[in-house]
Amino acid sequence: MATVLDAPYDLFIGGKDVPGARGERRPVLDPATNQPLAQVSVATADDARAAMEAADRAFRESNWAQDDGARRAKALQRLAALLEASLEGFARLETRNMGKPLRESRGDIGYVVRTLEYFAGLADKLEGATVPVPGPRLDYTIAEPLGVTVHIAPWNYPLLLSIRSIAPALAAGNAAVLKPASLTPLTAIAFARLARDAGLPEGILNVLPGAGAEVGEALIADPRCRSVTFTGSSEVGRHIAELAARRLLPVTLELGGKGPVVVFPDADLDRAARAIGYGIFQNAGQMCWAASRLIVHESLRGPLVEKVRAIAEGLKLGPGVEDGVEMGPLVSADHLDRVLGFVAEARADGGSLVAGGERASAPALAPGNFLRPTILADVPASSRAVREEIFGPVLAVSSFTDAEDAVRQANDTAYGLLAALWTRDLATAHSVARRLESGMVVVNEAPISYPQTPFAGIKASGVGFEQSRQAVEAYLRRKNVLVHLGAGKRKS
Ligand code: NAD
């Protein structure tokens, strides 16, 4: 019997699988082999309008927004439970489409389950307030959903980054339209079918696989769109912000990063080395919050780089579905070429190669987009490889002399997403954490986050934030009602 995970992979509009208006289908590839994995219907601008229409109707006519929140909480809990029951199937589909090791995909889908549970718990606690005002007046606020919210997602954590914003939007009573990344739409389509099975009203969640420029822009231009949440590159994020500004739409932008990891002389070197390896080689470095710049105290540089090099060279590369694989391929052949271009440029700029820097040579890996974990040292701070987001398993190493120098180097970037610090000294930890221009700081930890903690970028890394109790506010508006209590008073 077919499950939500199986082909065909169509658009999901108004509770139904539908082919795109042009009838076009495109293959998505398995990045471990570059062979077609599935055919996916391609949405058009007309489909975008149909999805906005379906979402708007569901918002106005179903009880989703009107109910007191308890029913939304139950529906989202049911959805979380259904996803948990299908976790293995979703994880396999994610791995085959995106490439990451199965262990990581299981973690990602588990994170989606937890995110749904977390925001389900908030759905019936979205309260207004009474506000003291002078005279015979009552003033109160009502928290209302916005209407139809648009969500545009990237390919590196395909389902996780789609649902990270959709969960609070749905909990708040909105209807959502999602455009997943063209390279990795499969789990989002399957998820929409699961939402139907969990009893979400038809049209409350719609999914449109398709090109960003056509479908994404048509969604933002649609008069029914009430907010845009975009996760992707800073370049496209800027463009989205401009489109949204023309329509005066609120935006949440989760963008790129170039995270520093600063290692002070008193750090626990073994733990730091493991976390540094995880922070740049997990998901083959295709992470917005990758700790891609290692800034290490000059006294530790030799031993720490040696430990990280040993980790890099010991990682087992292979197709993510195979047992024991620790690093999968990059998402596409184009992306592999782009990353190799950065490595070549770093070397031409004077950087030296400590590890990797080339495609994996094993014959079994040749057809896929496998890059050996790469460490570069002494790349000049002006090089594009140090300044721009590479989005691959490439670590750049530099050293510092004192805390002042470390902070200066860490902040010498257009981005500000996540920074990591390694020290046993409390005063250093807290004082340096304050000085880092970064939306998130981890101390003596690899990059880690939870649905209950804010995920926030500053500078070119974003606008607004996701996760945490407060994230739901981005999907609510506050209406103020002021009542004069004296006017209707009659003398008896
Ligand atoms: P991308 O910017 O190329 O695309 C992201 C999404 O936007 C895709 O769905 C794409 O189809 C769509 N898009 C492209 N052009 C569009 C347009 N003109 N109008 C509307 N939509 C459009 O990013 P990507 O390559 O998919 O993902 C990698 C990037 O995402 C990296 O820069 C990474 O740092 C960033 N990212 C950020 C976070 C975060 O939380 N800060 C998380 C993950 C990834």
Response to the item:
With -39,500 (n - 2.57) per DSSP H segment of 4 or more residues and division by the full residue count of the chain, the 222 nm estimate, nearest 500 deg cm²/dmol, is -11000 deg cm²/dmol
Worksheet, complete the sentence: Taking R0 as 22 Å and r as the Cβ-Cβ distance between ALA81 and ILE142, the FRET efficiency 1/(1 + (r/R0)^6), rounded to the nearest 0.05, comes to 0.10
Fill in: Förster radius 25 Å - calculated FRET efficiency between ARG338 and ARG22, Cβ distance, rounded to 0.05
0.30
Item to complete: Rounding to the nearest 20 debye, state how big the charge dipole of segment 260-443 is about its Cα centre with +1 on each Lys and Arg Cβ and -1 on each Asp and Glu Cβ.
Response: 100
Worksheet item: Of GLU473, GLU217, how do they rank once you tally other Cβ atoms within 10 Å and put the fewest first?
Response: GLU473, GLU217
Practice prompt. Based on the mean of other Cβ atoms within 10 Å per residue, sort peptides 362-370, 2-10 so the most packed one is first.
Written response: 362-370, 2-10
Worksheet item: By count of other Cβ within 10 Å, fewest leading, how are CYS288, CYS225 ordered?
Response: CYS225, CYS288
Discussion item. Need the C-alpha centroid separation for segment 344-359 versus segment 288-339, integer Å.
Written reply: 14
Response to the item:
Rg from C-alpha atoms of the chain, normalised by the globular rule of thumb 2.2 N^0.38 Å, equals 1.03
Worksheet item: Using the alpha-carbon centroid of each, what span in Å lies between segment 110-165 and segment 180-234?
Response: 18
Item to complete: Enumerate the amide H contacts of SER227 below 5 Å, restricted to partners 5 or more residues apart or on another chain; note that Pro and chain-start residues carry no placed amide H.
Response: VAL150
Fill in: segment 370-471: radius of gyration over Cα atoms, expressed as a fraction of 2.2 N^0.38 Å
1.16
Worksheet item: Going highest first, how would you order 396-406, 150-160 by mean Cβ packing within 10 Å?
Response: 150-160, 396-406
Worksheet item: Dipole of the chain, Cα-centred, from +1 at each Lys and Arg C-beta and -1 at each Asp and Glu C-beta, to the nearest 20 debye?
Response: 1560
Discussion item. I need MET327, MET1 ordered by Cβ neighbour count within 10 Å, fewest first.
Written reply: MET1, MET327
Worksheet item: Any idea what diffusion coefficient segment 412-492 gets from Stokes-Einstein, in µm²/s, Kirkwood Rh on alpha carbon pairs, 37 °C, 0.692 mPa s?
Response: 204
Discussion item. Viscosity 1.002 mPa s, temperature 20 °C: give me the Stokes-Einstein translational D for segment 260-443 in µm²/s, with Rh taken as the Kirkwood radius over C-alpha pairs.
Written reply: 130
Discussion item. Using the Cα centre of segment 1-150 as the reference point, and only Cβ charges (+1 on K/R, -1 on D/E), how large is the resulting charge dipole? Debye, rounded to the nearest 20.
Written reply: 220
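No value in this document is a laboratory result; all are computed from the given coordinates. Computed from a predicted structure; not experimentally measured. No Cβ is skipped: glycine too gets one built from the backbone with ideal geometry, and neighbour counts run over all protein chains shown.
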